[in-house]
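The values are calculated or read from the model by the stated rules, or taken from the named source; none is laboratory data. Model, not experiment: these values are computed from the prediction. No Cβ is skipped: glycine too gets one built from the backbone with ideal geometry, and neighbour counts run over all protein chains shown. To get the accessible areas, we keep the full protein, side chains included, count just its heavy atoms, and leave off ligands, DNA and RNA. Shrake-Rupley method; radii C 1.70, N 1.55, O 1.52, S 1.80 Å.
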Amino acid sequence: MLRRIVLPAAVAAAFALAVYAASERPPAAADKPLPEMKFDDVREIAPGVFFRYSSISATDPSVPFGGSNHTWVVFKDYVVVVDANFPKEAADVVAAIKKTTDKPIRYVLDTHHHGDHAYGNGVWAKEGAKLVAHKNAARLLKVNGPKQWEDASKDREDLRKTELKQADISFDDPYVLDDGVQRVEFRHFGHSHTAGDAVAYLPKHKILCTGDACVNGAFNFMGHSNSASWIKCLEGMEKLDVDLVCPGHGKVARKDLLATQKRYFVDMRAAVQKGIDAKKGLDEITAGLDLPWYKEWTGKAAKDIKDNVKHVYDELTGKVDHERLGAAPPPLDWRAEPRGFAGR
Ligand SMILES: [Zn+2]
């Protein structure tokens, strides 16, 4: 009895689904659910575009730091990769790429000169790739690279076993790769996380890979940043037609991540300025920094990221010469105290 009732209902439901499927256009990328990804997972987020989610946590110290996220784009004859990571992680990513395509890796973008985005350059060069960086990132890697590499080598075996490789191609703006099927534009919006940040924009897929100019979580190291300019850079990115943001660290997100990232700097600058106007000292300003939405977003209270508050305080009290930022070795890991950083 039950069978006779259930079966026609199931048939009707299947029919309805078929009609729905035939009448509906495939959902736009903006309507598709964001991919649920575990650390080291790789997903094809658009035809020929792959994203690898690297492990990171600002709140759980048991999570190993897996360096930067990666996006790669499979062109007709070659592969373009966003970010070089550290050498060990770069080798892991090369292996992951080879599971998705047998085409050669031809171009790798260093989104900036920091170790987790550029120190794996030698690994990619061995694959036959050209390393591409904005001219400021290429300069910073040249000026700071050797000393910082040496410092970082003390903690990283992969650096002791390899050598620092400089960028092959440095561009002003923009640098475009287009074979009629895929198009990737490397663009520089100005001084944000560093003086040499570049993003990778995929206009056909409405995807923006931001490096650390936009991250998803409490992963902003600000020691080499210009927070006022950073806000303007994010506003420039917001003008692009974007559905998906692939951040330098943290999960893939919608376009609104750009506004969320921007709000951190806008709100922090406003709060710090208010404190300065009220003649408060840095400690008092830091302790009073109350951005509940930030904790909701990242799991971490903004007042607990003291280095960032100090950087903004120093900027707003005229102690930072942005022209010289990046002239000293940057820290390897923003969760640790900056080592030897004298950015002014
Ligand atoms: Zn990074």
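Assorted remarks:
- Couplings for segment 205-220, taken from phi via the Karplus curve 6.51 cos²θ - 1.76 cosθ + 1.60 with θ = phi - 60°, read 9, 6, 10, 10, 9, 9, x, 8, 5, 8, 10, 10, x, 7, 10, 7 Hz in order; Gly and Pro are left as x.
- Residues whose amide H falls under 5 Å from that of Val79, counting only those 5 or more places apart or on a different chain, are Ile105, Arg106, Tyr107, with hydrogens built in the peptide plane.
- Cross-link reach is defined here as a Cα-Cα straight distance under 21 Å, omitting same-chain residues fewer than 8 places apart; for Lys206 the lysines meeting it are Lys32, Lys76, Lys232, Lys239, Lys251, Lys255, Lys262.
- For Ala218, the amide hydrogen comes within under 5 Å of the amide hydrogens of Ala58, counting only partners 5 or more places away or on other chains and with H modelled in the peptide plane.
- An ellipsoid equivalent to segment 100-152, defined through the eigenvalues of its Cα gyration tensor, has semi-axes of 22, 12, 8 Å when rounded to whole angstrom and sorted largest first.
- Gap separating the Cα centres of segment 158-201 and segment 32-85, nearest whole Å: 17 Å
- Helix-only arithmetic for the chain: the sum of -39500 (n - 2.57) across DSSP H runs with n ≥ 4, divided by the residue total, places the mean residue ellipticity at 222 nm at -11000 deg cm²/dmol.
- Rolling a 1.4 angstrom probe over the protein heavy atoms with all chains in place gives segment 239-328 an accessible area of 49 Å² per residue.
- Straight-line cross-link reach from Lys147 at under 21 Å between alpha-carbon atoms covers these lysines, not counting any fewer than eight positions away in the same chain: Lys88, Lys135, Lys161, Lys165.
- Projecting the Cα atoms of Leu159, Val184, Val80 onto the charge dipole of segment 80-192, computed from C-beta unit charges around the Cα centre, puts Leu159 farthest toward the positive end.
- With kT/(6 pi eta Rh) evaluated at 25 °C and eta = 0.890 mPa s, and Rh the Kirkwood radius from Cα pairs, the chain diffuses with a coefficient of 116 µm²/s according to Stokes-Einstein.
- For the options Asp256, Asp179, Asp307, a Gaussian network treatment of the chain with springs between C-alpha atoms closer than 10 Å singles out Asp179 as fluctuating the most.
- Rounded to the nearest 20 debye, the dipole size of the chain about its Cα centre is 400 debye, using +1 on the Cβ of Lys and Arg and -1 on the Cβ of Asp and Glu.
- Long-range amide H partners of Arg254 with built H, under 5 Å: Val245
- Along the axis of the charge dipole computed for segment 118-251 (Cβ charges of +1 for Lys and Arg, -1 for Asp and Glu, origin at the Cα centre), the listed residues Thr194, Leu244, Asn216 are led at the positive end by Thr194.
- ³J(HN,Hα) computed for each position of segment 297-302 - Karplus, 6.51 cos²θ - 1.76 cosθ + 1.60, integer Hz, glycine/proline x: 6, 10, x, 10, 6, 4
- If only the Cβ of Lys and Arg carry +1 and only the Cβ of Asp and Glu carry -1, the dipole of segment 168-272 around its Cα centre is close to 440 debye.
- Calculated FRET value between Gln273 and Lys130, using beta carbons and R₀ = 41 Å, to 0.05: 0.40
- J(HN,Hα) series, segment 81-98, from Karplus relation 6.51 cos²θ - 1.76 cosθ + 1.60, nearest Hz, glycine and proline x: 10, 9, 5, 9, 6, 6, x, 4, 5, 4, 5, 4, 6, 4, 4, 5, 5, 5
- Selected from Lys295, Lys239, Lys130 as most flexible by GNM, with the chain as the system and alpha-carbon contacts under 10 Å: Lys239
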